[in-house]
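Here the structure comes first, spelled out in structure tokens, and everything after it is commentary.
Here, each number is a calculation from the coordinates, and none is a lab measurement. Because the structure is a prediction, the values reported are computed rather than measured. Every residue, glycine among them, receives a Cβ derived from its backbone with ideal geometry; neighbour counts consider all protein chains shown.
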Amino acid sequence: MARAARALSAQKFLEKEKTMITHELRTYKSAEHLPREAQLAWKIAEVAADPVAVEPGVTAMIINRIIDNAAVAAASVARRPVASARAQALCHPMRPGATVFGLTPETRVSPEWAAWANGTAVRELDFHDTFLAADYSHPGDNIPPILAVAQHTGRSGADLIRGLATGYEIQVNLVRAICLHEHKIDHIAHLGPSAAAGIGTLLNLPVEVICQAVQQALHVTTTTRQSRKGEISSWKAFAPAFAGKMAIEAVDRVLRGEGAPSPAWEGEDGFIAWLLSGPNARYQVPLPGPGEAKRAILDTYTKEHSAEYQSQALIDLARRMGPQIGDLSQVESIVIHTSHHTHYVIGTGANDPQKMDPKASRETLDHSIMYIFAVALEDGGWHHEKSYAPERANRPETVALWHKISTTEDPEWTRRYHARDPKEKAFGGRVVVKLKDGRVIEDSLALADAHPDGARPFGRENYVKKFLTLSDGVIASAEQQRFLDAVENLAALKAGDLAALNFTVGADRLGPARPAGIFDWK
């Protein structure tokens, strides 16, 4: 099965290479003439406005990812950040409005606030889909804002599929081309434009409107990566929800006849010149040509484990190496040889002492491969709640093992991380374990087991199992089945029926009430 998946992935890669158009992106001085049709925002808008049909395989994967998002949202529905976002959303009721995870379909709020609440629920556990290339991304973050607008505007399942295909296409291709993290910019700067483009497709908006909305969304969603550095807070979960909310507001504003900073990427005082690599930088952005299907979602992958994606293969490797090592108290040191991204973002190359601190937040532990690998070695796996529990992080034997683990960048793993050929792509590493008796145990793994080219690629049955597992005890069994029946029938859902993609839980599953804020000041 894995061999067949790899062959299919390689075939997709070759087909895409033939059809994608590469657009050179650079800064233009104000005195230079850059025709509107040559600007990246316009080219993105043309892709969004292209009425090309969505391929069946793309539709099937969109259904998988809606199930995946709901699974993670169900598991996080009572967590504090999610409850806070939901409480804020409830202060903005609207008809027709959009639904909020956990609440009845009759409860409707303004679509941008539904995107805020649902986006936070989806992102809180760091457990949904991913795409890694020049930068990082969680393209499933496009689903809450596009779905919220679809519900509010009475769109059909087919309309939603078209909008989501665009959201994934634009975000994935921006991530292929433009590195944000080297300039300490958070990856939601690619999400704002992609969500705006997806909403444009959903609503069949003209190219001019989509272009301006894309530019506005980029302008207001450019933030720093401090949200993923040091003492990582709950803003890591709110950040994509913010980008989705801003995308909705950008489209609304442009529909009222307003414009945006232009050209947003290429301008003399714009994104490339001052926030990326400077006026002399060049970027090559691939986008589908006219009439070409939007297939980018097929290059993305979800998580089997609730942790940073770059730890997925290493968790699987820890499961495999644990029995080989045996008595973990006999470990002298563990070195993970891995890519630049893994070493500097979730490894010791980040130079974050918090990544070695047993009292660190869940969000910080999620970004510590040293902690994650230690726990996965000890437990033979990973759990989305138990593995992060304070009592788990503070076990003396865990802390001792954790502090024996370090990472180092290996140029070969960095090369494979950035490889365009699916047969070369790798997100894992090589682990060298030295024991006190002098023995050395070494093993490596390139891809997570659940990756499309991994040992056990995720299929529909895995997404359904993930949903049923994470929502067990949260969503009643009849409601679980009703939701699955609705989403698996997505393409046939009629206009106005998209509230069926929400799920309801009992009031006792929503967590404690949150303190009042400005919106519900009394």
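Some observations on this one:
- Neighbours of G429, meaning other residues whose beta-carbon lies under 12 angstrom from its beta-carbon, give a summed charge of -4 when Lys and Arg score +1 and Asp and Glu score -1.
- Length added when fully stretched, W274-A389, from 0.36 nm per residue minus Cα-Cα: 37.3 nm
- E442-E32 pseudo-label distance in nm [points 7 Å out on the Cα-to-Cβ vector]: 4.8 nm
- Taking I210, I185 and counting other C-beta atoms within 10 Å, the order from fewest to most: I185, I210
- Residues in region 284-293 carry Karplus couplings, in order, of 10, 9, x, 9, x, x, x, x, 8, 5 Hz; the curve used is 6.51 cos²θ - 1.76 cosθ + 1.60 with θ = phi - 60°, and Gly or Pro positions show x.
- Along region 151-166 the Karplus relation, 6.51 cos²θ - 1.76 cosθ + 1.60 evaluated at θ = phi - 60°, assigns HN-Hα couplings of 5, 5, 9, x, 7, 9, x, 5, 4, 4, 4, 4, x, 5, 4, 5 Hz to successive residues, with x for each Gly and Pro.
- Peptides 269-278, 509-518, 164-173 ranked from most to least packed, by the mean per-residue count of other Cβ atoms within 10 Å: 164-173, 269-278, 509-518.
- Rounded tilt (10° steps) of 460-470 against the dominant C-alpha axis of the chain: 70 degrees
- Furthest towards positive pole of dipole, A85, A495, A476, structure part the chain, Cβ charges: A476
- Normalised size of the chain, defined as Cα radius of gyration per 2.2 N^0.38 Å with N residues, equals 0.94.
- Ranked V47, V474, criterion: other C-beta atoms within 10 Å, fewest first: V474, V47
- Amide H contacts of T407: I336, T348, G349, each under 5 Å away and 5 or more positions distant or on a separate chain (H built 1.01 Å from N in the peptide plane; Pro and chain starts excluded).
- Convex hull volume of the C-alpha atoms in region 405-463, normalised per residue: 124 Å³.
- Ranked by the mean number of other Cβ atoms within 10 Å of their residues, highest first, the peptides 404-410, 247-253, 60-66 fall in the order 247-253, 60-66, 404-410.
- Set K229/K359; K236/K425; K425/K466; K184/K245; K466/K494 screened for pairs whose C-alpha atoms are more than 18 Å apart: K236/K425; K425/K466; K184/K245; K466/K494
- Distance between the modelled labels on A476 and K359, one decimal in nanometres: 4.4 nm (7 Å Cα→Cβ projection).
- Crossing angle, helix 111-123 versus the chain [Cα axis fit, 0-90 degrees, rounded to tens]: 10 degrees
- Under 21 Å from K465, Cα to Cα: lysines that are on another chain or at least 8 residues apart: K303, K386
- With Cα atoms, 0 to 90° folded angle of helix 56-76 axis to the chain main axis: 60 degrees
- Within straight-line cross-link reach of K43, aspartates and glutamates at Cα separation under 20 Å, skipping those fewer than 8 residues along the same chain: E17, E24, E32, E169, E208, E258, E266, E268, E292
- Mean projection of the Cα convex hull over all viewing directions, computed for region 184-252: 4.2 nm².
- A simple count of charges around R228, restricted to other residues whose Cβ falls under 13 Å of its Cβ and scoring Lys, Arg +1 and Asp, Glu -1, yields -2.
- Scoring 255-265, 214-224 by mean Cβ neighbours within 10 Å over their residues and listing the highest first yields 214-224, 255-265.
- Exposure proxy for E332, E308, E106: other Cβ atoms within 10 Å of each Cβ, ordered fewest to most, give E106, E332, E308.
- Theoretical gain in end-to-end length, D485 to D520 [0.36 nm per residue, Cα-Cα removed]: 9.0 nm
- Karplus-derived HN-Hα couplings along region 366-382 (A = 6.51, B = -1.76, C = 1.60, θ = phi - 60°), whole Hz, x at Gly and Pro: 4, 10, 10, 5, 5, 5, 4, 5, 4, 5, 5, 5, 5, 9, x, x, 8
- Placing R0 at 25 angstrom, the Cβ-Cβ distance between E397 and V432 gives a FRET efficiency of 0.75 after rounding to 0.05.
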